[in-house]
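A short write-up of the structure that comes next.
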Amino acid sequence: MTASTGQIIRSHGRRFIVEADGRVYDCTTRGKRVDYACGDHVDILIQNQEQAVIERAHERRSLLYRQDDWKTKVIAANVSRILFVVAAVPSPNEELLGRCLIAAEAGDIEPVIVVNKSDLPETAALLNKLQLYADLGYRLLTLSAKQDFSPLRPLLSGHTSVLVGQSGMGKSTLTNALLPDANARIGDISTALDSGRHTTTHATLYHLDADSHLIDSPGLQEFGLKHLQASDLIRYFPEMRQYIGQCRFHNCSHCVEPNCAIMAAAEKGGIARHRLNLLQRLTQELAPARL
Ligand code: GDP
Ligand code: ZN
């Protein structure tokens, strides 16, 4: 058996495909470990030309979680860019955007809001609504995946990116444009992995070029935020950071307490009402017992 180092390019339950030295290996893990994720750099022990065992993962630059009522699961490691795809039609869910930005802030991953379907006349109203996020410092890119997806290219360069967003916004259209031969390749890997079993949530890493990669994962359309601490939440809202430590109670939930600096700022219009509502909903989700 030979030791080597590679990267997980597909995860699927307890099975992982690792790319190492220009080959791909169908890998199992030691014991029952499943806390590896697509994008992880790993040490492997090669058993034969097709199989290997994952020994350990290297330190991660970032980690994204999948939302699950029962358990939090890691789904993508070492992502450096989140592209949140949104469009005027079908009607976008702003809560999902808010949650995505929090996952990005918490994971120290740079988000970009990609406004797709710029060819539709309804886009102008959406852009007005999204101005708030531009004012908060988030990057916005407007394009039409159907007409020209090339404005996206420079944002992917040098990054490991994920495309997320609610269904119907154009993620598949963008993914297919970026990875014209992905379907063929995914077919190969899937046959090796699926072997008759039902496909659960998985993630696949594709190389766009030598140092730009795209992780495609249907499970990432909603973010796991359950690993976050309620008391840390206001750090992840750029417009709220300045009020850290200014509430009367150090453990303020910003929901009901007197002299809450966050609620006062919202009252004065310095914090958008729906952003305060998002903070309050998340606080209750993460620490329901306190209220
Ligand atoms: P996904 O669910 O996010 O993967 O979205 P899809 O890529 O499947 O796209 C949903 C629908 O939007 C499809 O009918 C696409 O043809 C359409 N669509 C995607 N991009 C554009 C665009 O730039 N302009 C318009 N008008 N429609 C688009
Ligand atoms: Zn408060």
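The numbers here are math on the coordinates, done by the rules we state, and not lab data. Computed from a predicted structure; not experimentally measured. All Cβ positions, glycine included, derive from the backbone under ideal geometry; neighbour counts span all protein chains shown.
With each pseudo-label sitting 7 Å past Cα toward Cβ, what's the residue 32-residue 241 distance in nm, one decimal?
Placing both labels 7 Å along Cα→Cβ, they lie 4.2 nm apart.
Over all alpha-carbon pairs of the chain, lay out the pair-distance distribution in 10 Å bins, whole %, shortest bin first.
With 10 Å bins starting at 0, P(r) equals 6, 26, 30, 22, 12, 3, 0.
Which entries of 32/171; 129/171; 129/268; 32/71; 146/171; 73/146 have Cα-Cα distances beyond 23 Å here?
Working: 32/171 33 Å; 129/171 21 Å; 129/268 20 Å; 32/71 16 Å; 146/171 11 Å; 73/146 33 Å.
32/171; 73/146, as the Cα separations exceed 23 Å there.
Taking the square root of 5 times each eigenvalue of the Cα gyration tensor, what semi-axes in Å does the equivalent ellipsoid of region 83-171 have, largest first?
Over the Cα atoms of region 83-171, the ellipsoid semi-axes are 19, 16, 12 Å.
Can you tell me the orientation of helix 182-194 relative to the chain, as the angle in degrees between its alpha-carbon axis and the longest Cα principal axis, to the nearest 10?
For 182-194 against the chain, the angle is about 70 degrees.
What ranking of 263, 169 emerges when the number of other C-beta atoms within 10 Å of each C-beta is taken as an exposure proxy, fewest first?
Working: 263 21, 169 27.
In order of increasing Cβ crowding within 10 Å: 263, 169.
Quick one: angle between helix 94-107 and the longest Cα principal axis of the chain, in degrees between 0 and 90, rounded to 10, please.
Result, in degrees: 70.
Between 247, 100, 38, find the one with the highest GNM mean-square fluctuation for the chain; connect C-alpha pairs within less than 10 Å.
247
Counting only helical runs of four or more DSSP H residues, what would the 222 nm mean residue ellipticity of the chain come to if each run contributes -39,500 (n - 2.57) and the total is spread over all its residues? Walk me through the numbers before you get to the answer.
Details: 7 runs with 73 residues, N = 291.
The per-residue figure over the chain is -7500 deg cm²/dmol.
Determine the gain in length on full extension of the stretch residue 50-residue 95; use 0.36 nm per residue of separation and subtract their C-alpha separation, reporting nm with one decimal. Display every interim value, and only then the final one.
Details: separation 45, 0.36 × 45 = 16.20 nm, distance 4.35 nm.
Extending this stretch completely gives an extra 11.8 nm.
Which whole-number value in Å³ per residue fits the convex hull of the alpha carbons of region 246-291? Mind showing how you got there, number by number?
Numbers: hull volume 2.9 nm³, N = 46.
Measuring per residue, one finds 62 Å³ for the Cα hull of region 246-291.
Please compute the modelled spin-label separation between residue 73 and residue 23, points set 7 Å along Cα→Cβ, answer in nm with one decimal.
Here the modelled spin labels are 2.9 nm apart.
Using a 10 Å cut-off around each Cβ, can you sort 202, 159 from fewest to most neighbouring Cβ atoms? Intermediate results must be reported in sequence, preceding the final value.
Values: 202 23, 159 20.
So the ranking, lowest neighbour count to highest, is 159, 202.
Among 53, 256, 34, which one shows the biggest mean-square fluctuation in a GNM of the chain, springs joining Cα atoms closer than 10 Å?
Result: 256 has the largest fluctuation of those listed.
Set the Förster radius R0 to 30 Å, insert the Cβ-Cβ distance between residue 129 and residue 232 as r into 1/(1 + (r/R0)^6), and round the FRET efficiency to 0.05.
Details: r = 27 Å, r/R0 = 0.90.
Once rounded, the FRET efficiency stands at 0.65.
Under a point spin-label approximation (7 Å from Cα along Cα-to-Cβ), what is the residue 281-residue 249 distance to one decimal in nm?
2.3
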